1. Nearest 0.05, what FRET efficiency do residue 238 and residue 39 give at R0 = 35 Å with Cβ-Cβ as r?
2. If the viscosity is 0.890 mPa s and the temperature 25 °C, what translational diffusion coefficient in µm²/s does Stokes-Einstein give for region 1-131 when Rh comes from Kirkwood over Cα pairs?
3. Only Cα pairs within less than 10 Å get springs; with that Gaussian network setup on the chain, which residue of 28, 237, 308 has the largest fluctuation?
4. Expected output is a single nm value to one decimal: the length gained when fully extending between residue 99 and residue 324, i.e. 0.36 nm times separation in residues minus the C-alpha distance. What is it?
5. How high is the relative contact order of region 125-282? Use alpha-carbon pairs under 8 Å, at least six apart in sequence, and give a whole percent.
6. If I take every Cα pair under 8 Å that is 6 or more residues apart in region 14-126, average their sequence separation and divide by the length, what percent do I get for the relative contact order?
7. Can you tell me the 0 to 90 degree angle between the C-alpha axis of helix 34-43 and the longest principal axis of the chain, rounded to 10?
8. For the chain, what is the calculated [θ] at 222 nm in deg cm²/dmol (nearest 500), taking -39500 (n - 2.57) for each run of four or more DSSP H residues and dividing by its residue count?
């Protein structure tokens, strides 16, 4: 099996790392920035480098590709890759618009190709255990679920495609908060968006998108929830989820390493299992720690799905459903400006 990477930016090293852990060879890398492309190919010893992705799509040895480009280009690249017979792993979000995401889902189904999207935190061991506890109703009836993301992003971070509606599609929510939203939706199902507010409170002279957003949610079981995300913090990264039920509550971090901040459960066995998972320590990720290391698990699952011709753990349909909620939140949000 031969894999290739399109887009040689911040997250691309995680895909090289994940492929290596899965024993899959990365044959090509591609980027429109020749300097970035050359540096990436040399650093990661990828012998074939191109600014023209059609070279990758025309290589019959290539089974699959990772798309690590700006959000706005995901759909066009994914559709071209599918038409070329490649299986596709897309960095989140699947794309910017629901219509384009639906087109990816439909094209993949029509061509019998596998698409996964990098919601890698669904594979974090502690997160998987939280999902089990929710499904087993170990917290009783869940009445509240809160997601919180704060991070520090500077003007330099937005020097490029980020911070632009056409290429990023938003900012604090669709780029940073989307992982936490996806986990909430994975645990409890797609929420109703009861209200939302967003604003640009920190870098309004630099970006045209939101840097701070709050949403009020109601989940299918009736539980109320909220999501707060901001890129205007002075803290490099802090993200957590708190779940409150009639028999227990848990607060845990969703960055690296996952940690239990608070835990009150009726089942002593559950608490011991959580402690065991939280104590296990793995080597840090190859780039930003908040990416975690579960790109390894997600891409291993993707390669396995290709080999066995089965659905991956995170499908394009899952990513479409999360994007629908993102778009509903944006539709509900109102930007407050001084007259």
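1. Working: r = 31 Å, r/R0 = 0.88.
With a Förster radius of 35 Å, E is 0.70.
2. So the translational diffusion coefficient is about 164 µm²/s.
3. Result for the chain, Cα springs under 10 Å: 308 fluctuates most.
4. Working: separation 225, 0.36 × 225 = 81.00 nm, distance 0.98 nm.
That pair, residue 99 and residue 324, stretches by 80.0 nm at full extension.
5. Working: 320 pairs, mean separation 47.9, N = 158.
About 30 percent, as a whole number.
6. 18
7. 80
8. So the calculated ellipticity at 222 nm is -10500 deg cm²/dmol.
Bear in mind these aren't lab numbers, they're just calculated from the coordinates by the rules spelled out. What you see is a predicted model; the values in this text were computed from it and never measured. For neighbour counting, all protein chains shown are included, and Cβ atoms are generated from backbone atoms with ideal geometry for every residue, glycine included.
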